[in-house]
Amino acid sequence: MEFFHVKRDIPFMSYGKLTTAISLATFVLAVFFLVAKGLNFGIEFTGGTVMELRYQKAANLSEIRHQVDALKYGEAQVQSMGTTTDVMLRLPNIKDKNSAQLSNEVLTALQKSRSDVELRKVEFIGPSVGDELFTHGLTALILVCLGIISYLAMRFEWRFAVSAVIANMHDVVIILGCFALFQWEFNLTVLAGILAVLGYSVNESVVVFDRIRENFRQPALRGKSVPAVIDNAITATISRTIITHGSTECMVLSMLLFGGAALHGFAMALTIGIVFGIYSSVLVASPLLLMFGITRDNMIKPVKVKEEAVV
């Protein structure tokens, strides 16, 4: 299925040095913001108090969030627990106050406007639990990268594997840099979004790489240079890229605009990741193949012909 068919190949590789320089600049800026500002970790990583509330009638999450913010406990999370009457409230750690004191003060403030609120459960998340979650999340990220390297190295060649991983790490660092720059909260849902971006971005890289490998075996492209073969592969898949990423981005933007606070971090990570995933798969991973010295001989292994004995 194609929206349009490009008759002439677009010379993407002629801009390879420019796009690589832009990618390097954005990568350095993202690392700078990560070092200078750091990530604004959520309660899952820093620890805090989790309250489960139940209302007799439908709860107004915006009103609850406003009342909790008025207590000035820091950034609190208010989200629905599957029904309109059940609410989960997450509070950061407060010095000189334990979870019992925090829950009583919050419940008293909420009961001033709604007397039908009931406290169902209170849990305290210690800093050690947050450190464990952070370690597990980092481990998951490393395992995903190792899995991508192994898969691409087996399916293609080491140059493709390294190029794809560098491009994917480029996406991850830029997402983290955006969260550090604007100090958006980094929680488990954002981490899940980053892991989803890794899989989504590598899928696009696989499609482009597979077409590049096929082009090297096409007799019609045998006389063309390596950059021309790569340009042909990207141009041939550009319609598919626009359809796939465009429809996905529309869905993610709807989550970002209408999903509420609970899905905001996840949708924001996906929104940034999809945009830069397209860019990295086309304009980062492919130029890296040229830098790593990919040639026609690397892609097409010579076929060994058995010599017959002459009698």
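Along the charge dipole of the range 1-122, pointing to its positive end and built from +1/-1 on Cβ of Lys, Arg, Asp and Glu, which listed residue (THR85, MET13, LEU34) has its Cα farthest out? My answer, from the dipole projection, is MET13.
What you get for the chain, charging only the Cβ of Lys and Arg (+1) and of Asp and Glu (-1), is a dipole of about 740 debye around the Cα centre. When only alpha carbons are used to place a centre, the range 164-242 and the range 13-68 end up 23 Å from one another.
Spread over its residues, the convex hull of the C-alpha atoms of the range 77-126 is 88 Å³ per residue. Each of ILE149, CYS250, ALA228 was placed along the dipole of the chain (beta-carbon charges, centred on the mean Cα), and the one lying farthest toward the positive end is ALA228.
Peptides 86-96, 274-284, 240-250, 191-201 ordered by packing proxy, namely the average of other Cβ atoms within 10 Å per residue, highest first: 274-284, 191-201, 86-96, 240-250.
Working ranking of peptides 258-268, 219-229 by packing, defined as the average number of other Cβ atoms within 10 Å per residue, highest first, is 258-268, 219-229. Computed over the range 42-174, the range of Cα coordinates on each principal axis works out to 65, 33, 23 Å, biggest value leading. Taking the C-alpha atoms only, the angle from helix 158-182 to the longest principal axis of the chain is near 30 degrees.
Out of ALA269, ALA21, ALA233, any idea which swings most in a Gaussian network model of the chain, alpha carbons joined below 10 Å? In the Gaussian network model the winner is ALA21. Using C-alpha pairs under 8 Å with a sequence gap of at least 6, the mean separation divided by the residue count of the chain gives a relative contact order of 26 percent. Cross-link partners for LYS37 among the aspartates and glutamates, with Cα-Cα distance under 18 Å and sequence neighbours closer than 8 places in the same chain left out: GLU75, GLU185.
On a 0 to 90 degree scale, rounded to 10, what angle separates helix 127-155 from the longest Cα axis of the chain? In the chain, helix 127-155 runs at an angle near 20 degrees to the longest axis. Rounded to the nearest 20 debye, the dipole magnitude of the range 80-140 is 180 debye, with +1 charges on Lys and Arg beta carbons, -1 on Asp and Glu beta carbons, and the Cα centre as origin. Straight-line reach from LYS97: taking Cα to Cα under 12 Å and skipping same-chain neighbours fewer than 8 places apart, the aspartates and glutamates in range are GLU105. For the chain, the longest principal axis of the Cα atoms and the long axis of helix 226-258 meet at an angle of about 10 degrees.
Across all Cα atoms of the chain, the radius of gyration (one decimal) and Dmax (whole number) stand at 25.5, 105 Å. Taking each DSSP H run with n ≥ 4 as -39500 (n - 2.57) and averaging over every residue of the chain yields -21500 deg cm²/dmol at 222 nm. Rounded to the nearest 20 debye, the dipole size of the range 151-223 about its Cα centre is 420 debye, using +1 on the Cβ of Lys and Arg and -1 on the Cβ of Asp and Glu.
Answer rounded, prolate or oblate for the range 1-104, using the Cα gyration tensor with square roots of eigenvalues a ≥ b ≥ c: rounded when a/c is under 1.5, else prolate when a/b is larger than b/c, else oblate. Oblate shape, in that a/c is at least 1.5 and b/c is the bigger or equal ratio.
We did not get these values from a lab; they are worked out from the coordinates using the rules stated. Bear in mind the structure is a predicted one, so any value in this text is a computation, not a measurement. Cβ sites come from the backbone with ideal geometry, for glycine too, and all protein chains shown count toward neighbours.
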